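What follows is one structure encoded as structure tokens, with my remarks underneath.
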Amino acid sequence: MNVVDLTKRLVAFDTVNPPGNEVAAMKFCADLLQSAGFDCDLQVFASATRANLIATRGVGSGAAIGFSGHLDTVPLGAADWKYPPYDGIVANGKLYGRGSSDMKGGVAAFICACLDPFTPPGGIAILLTAGEETGCDGAQMLARGKNLPRIGALVVAESTNNALVLGHKGVIWLSILFTGFTAHAAMPEQGVNAIELASRFIARLGDLKLGDAHEVMGKPTYNVGTIQGGLNTNSVPDSCEITLDLRTIPKAQHVELIDKIIALAGDDATISPLLDLPPVWASPDSGWISKVADVVAANTEHIFSPTSVNYFTDASILTPVLGNPPTVILGPGNPRCAHKTDEWVDIERLYQAEIIMKRLIEIW
């Protein structure tokens, strides 16, 4: 199947998450891969409309080359779309549609590459997930299973414009609930203002030492994402919740960072983890990385230099559970248009990506 046509077919599935509804798209991919000799394990979870897919061919002795992607997308947003979001319209050298860049184009590229009958030593393994956009839900389900194939290197086809990316920061999301004591606003001294407690904590965050910088990823960061509190204007608020986003670098100890936040917040706060994903980083000195860099250089304009991306991927979950194989992020999507209205993927990048994936299979 042509990579552009397959991208159109995948875009046509409405997999906006929530609620996801990925199962029909997963079944479509399973049927396509089964026709090319893959053994497919469709794993329904959470509800009859959610599913992951593990597809393997030639897996047995040795380690397989692995490809990973997710089929859920973010919502459409409130703005009008010039191009219908599920029609896969091709115009001006681009294919438009929700998920075209993030990341159904990437999934289409490696599936098309895998439809070729050649199977390398160790075989090929494909891991398709649901629920990535809401915290790697599908990948976490896969990680809890016991039938993952042995994978020697993993390609995550997220949006990089077909540039070779070696990793991304980790992420910790925390809910921090401050508890005060309500009183009349005309007598604030009789209460404890939870919003003020939260505000003092936010001010102290500026002095928190998150760790040294990584040579490529830079410094770890924090962001206060939301704040909600108060009963009404003329009452002292007795509750205030903030959510905190921490982005971490390799070698960071997430337990230690959370302990620092707990100590900084004090006894008036209750802290609940919402998401905890480790960073991903492949050594640029790896022999496999050098081979991938050569393939990318031969088929694109990109000259390799170790780099990372700002977003997180399913690799945070899959790479550790697979035994930490060298993992690269490499796909045709444009990261600047992911999640946007009139999302698109460049047609030339789709064809490039298919060629790159085929070549990676050939040299495995």
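Can you tell which of L128, L142, L177, L154 is in contact (Cβ under 8 Å) with a residue 60 or more places away in the chain and not in a strand (DSSP E or B)?
Numbers: L128 fails: not in a strand (DSSP E or B); L177 fails: not in a strand (DSSP E or B); L154 fails: not in a strand (DSSP E or B).
The conditions single out L142.
For the stretch 339-351: of the residues being in contact with a strand residue (DSSP E or B) (Cβ under 9 Å, 6 or more places away or on another chain) and assigned to a helix (DSSP H, G or I), which is nearest to M103 (Cα to Cα)?
The first filter runs over the stretch 339-351 and keeps only residues in contact with a strand residue (DSSP E or B) (Cβ under 9 Å, 6 or more places away or on another chain), leaving 339, 342-347, 350.
Remaining after also requiring assigned to a helix (DSSP H, G or I): 347, 350.
Values: I347: 14, L350: 11 Å.
Out of the qualifying residues, it is L350.
Quick check on this structure: which one of G97, G123, G77 is farther than 19 Å from A338 by Cα and of a type outside the set (V, I, T)? Spell out how you get there, then give the answer.
Numbers: G97 fails: farther than 19 Å from A338 by Cα; G77 fails: farther than 19 Å from A338 by Cα.
Selected residue: G123, the only one of G97, G123, G77 that is farther than 19 Å from A338 by Cα and of a type outside the set (V, I, T).
Among the residues of the stretch 28-48, write down those that are at pLDDT 95 or above, part of a loop (DSSP other than H, G, I, E, B) and open to solvent by 20 Å² or more (accessible area, probe 1.4 Å).
Those that are at pLDDT 95 or above, part of a loop (DSSP other than H, G, I, E, B) and open to solvent by 20 Å² or more (accessible area, probe 1.4 Å): S35, A36, G37.
Would you pick out the residues in the stretch 76-127 that are surrounded by 14 or more Cβ atoms within 10 Å (Cβ to Cβ) and of a type in the set (F, W, Y)?
W81, Y83, Y86, Y96, F110
Name the residues in the stretch 4-21 that are among the hydrophobic types (A, V, I, L, M, F, W, C), closer than 17 Å to A113 by Cβ and within 22 Å of the chain's Cα centre (by Cα), would you? Please lay out each step first, then the result.
Of the stretch 4-21, the ones among the hydrophobic types (A, V, I, L, M, F, W, C) are 4, 6, 10-13, 16.
Going one step further and asking which of them are closer than 17 Å to A113 by Cβ, we end up with 4, 6, 10.
Correct list: L6, L10.
Select, from D102, D87, the only residue that is among the charged types (D, E, K, R), assigned to a loop (DSSP other than H, G, I, E, B), under 23 Å from N161 (Cα atoms) and touching a Gly at 6+ places or on another chain (Cβ under 9 Å). If you could, list the steps in order and put the result at the bottom.
Numbers: D102 fails: assigned to a loop (DSSP other than H, G, I, E, B).
None of the other options fit; the residue is D87.
For L360, state whether it is aliphatic (A, V, I, L, M), outside any loop (DSSP other than H, G, I, E, B), touching a Gly at 6+ places or on another chain (Cβ under 8 Å) and on the phi < 0 side of the Ramachandran plot. Full working, then the answer.
Working: aliphatic (A, V, I, L, M): yes; outside any loop (DSSP other than H, G, I, E, B): yes; touching a Gly at 6+ places or on another chain (Cβ under 8 Å): no; on the phi < 0 side of the Ramachandran plot: yes.
For L360, the condition - aliphatic (A, V, I, L, M), outside any loop (DSSP other than H, G, I, E, B), touching a Gly at 6+ places or on another chain (Cβ under 8 Å) and on the phi < 0 side of the Ramachandran plot - is not met.
The values are calculated or read from the model by the stated rules, or taken from the named source; none is laboratory data. Model, not experiment: these values are computed from the prediction. Virtual Cβ from ideal backbone geometry, glycine too; neighbours counted across all protein chains shown. The area values use the complete protein model at the heavy-atom level, side chains included, leaving out ligands, DNA and RNA. Shrake-Rupley method; radii C 1.70, N 1.55, O 1.52, S 1.80 Å.
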